[in-house]
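Step one of this worksheet: look at the structure below.
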Amino acid sequence: MKKVRKRKAEAKAGRSAKPNAIVLAALELFTRYGYRKTSIDDIAEAAQVAKRTVYLHFENKAAVFLAILEYLGDQVRQRCVAAERMGGTAVDRLAGLLDAYFGMGFELFSKSEHMPELEETFSRLARARIGYLNTEYEARLATFLRSLEKTVEIQGPPRGLTVEQIVHILVRAAEGAKHDPDVQGNRKALERRLRELAILVISAMKK
């Protein structure tokens, strides 16, 4: 019985390994060459699978692109959990949560000359899904700030603002940071900027 279960588990792992390989290969190709110039044949070759294997798991190139979004969403969630569980101050953890989202995007796309096309493709194919993921991320930040209130690490939002409004402003500021000439292409500069934003928010909520 144990051998049968082991074989089933190995078979399941083998099935999931192929779509994962396809998604990772497509992510690299889209970043390097753009969405339009990357074909299913290119993806199959990079993933080291047959073209029919790609179509076995994904209806078309757009479906592969959407699977990348799901993969990135899962990566952000994992990084957020790690940031929430890390030691350190409230600033350390909030900076880690910001980096979980904005830092990962920076690592993947900041050096791609095809970023405008990729952003347009994300908007065209997955506008609603991206909106949902952004809402999920902002809700996570709000939950984190409220947890700091419960542990009395902060006192709460300044008068006239809600936690949700602070989070919204924080996310917009972090989004704008990647367009700052002093930050573009510089991972360390982005980390410093995100930490500065975290310091600003925590300081404002301690008063």
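The values are calculated or read from the model by the stated rules, or taken from the named source; none is laboratory data. Bear in mind that the values here come from a model prediction, so they are computed numbers and not experimental data. We place every Cβ from the backbone using ideal geometry, glycine too, and count neighbours over all the protein chains shown. The area values use the complete protein model at the heavy-atom level, side chains included, leaving out ligands, DNA and RNA. Shrake-Rupley method; radii C 1.70, N 1.55, O 1.52, S 1.80 Å.
Residue pairs whose Cβ atoms lie under 6 Å apart, separated by 6 or more positions or on different chains, with the first residue in the range 70-85 and β-branched (Val, Ile, Thr) and the second open to solvent by 20 Å² or more (accessible area, probe 1.4 Å), are Val76/Tyr101. Being in contact with a Ser or Thr (Cβ under 9 Å, 6 or more places away or on another chain), in a helix (DSSP H, G or I), of a type in the set (Phe, Trp, Tyr) and under 17 Å from Val76 (Cα atoms), is that true of even one residue in the range 133-148? No; the residues of the range 133-148 include none that is in contact with a Ser or Thr (Cβ under 9 Å, 6 or more places away or on another chain), in a helix (DSSP H, G or I), of a type in the set (Phe, Trp, Tyr) and under 17 Å from Val76 (Cα atoms). Taking into account only those residues within the range 132-161 that are more than 19 Å from the chain's Cα centre (by Cα) and of a type in the set (Lys, Arg), which is surrounded by the fewest Cβ atoms within 10 Å (Cβ to Cβ)? Checking each candidate, the answer is Arg159. Close Cβ contacts (under 6 Å, 6 or more residues apart or on different chains) running from residues in the range 17-34 that are in contact (Cβ under 8 Å) with a residue 40 or more places away in the chain to residues that are in a helix (DSSP H, G or I) and open to solvent by 10 Å² or more (accessible area, probe 1.4 Å) comprise Pro19/His57; Ile22/Ala47; Val23/Ala67; Val23/Tyr71; Gly34/Glu117. Residues in the range 82-98 include at least one that is in contact with a Gly (Cβ under 6 Å, 6 or more places away or on another chain), in a helix (DSSP H, G or I) and surrounded by 15 or more Cβ atoms within 10 Å (Cβ to Cβ). Residues in the range 38-55 that are open to solvent by 10 Å² or more (accessible area, probe 1.4 Å) and either under 18 Å from Leu108 (Cβ atoms) or part of a helix (DSSP H, G or I) (or both): Ile40, Asp41, Asp42, Glu45, Ala46, Ala47, Lys51, Arg52, Thr53, Tyr55. With respect to the conditions (1) out of contact with any Leu (no Cβ under 7 Å at 6 or more places or on another chain); (2) open to solvent by 30 Å² or more (accessible area, probe 1.4 Å); (3) part of a helix (DSSP H, G or I); (4) within 26 Å of Ile166 (Cβ to Cβ), Arg129 lacks only one, and its number is (1). Looking only at residues of the range 56-66 that are open to solvent by 20 Å² or more (accessible area, probe 1.4 Å) and of a type outside the set (Asp, Glu), we find that the one that is farthest from Gly103 (Cα to Cα) is Leu56. Kindly indicate whether Arg192 is out of contact with any helix residue (DSSP H, G or I) (no Cβ under 7 Å at 6 or more places or on another chain), open to solvent by 90 Å² or more (accessible area, probe 1.4 Å) and closer than 19 Å to Leu69 by Cβ. It is false that Arg192 is out of contact with any helix residue (DSSP H, G or I) (no Cβ under 7 Å at 6 or more places or on another chain), open to solvent by 90 Å² or more (accessible area, probe 1.4 Å) and closer than 19 Å to Leu69 by Cβ.
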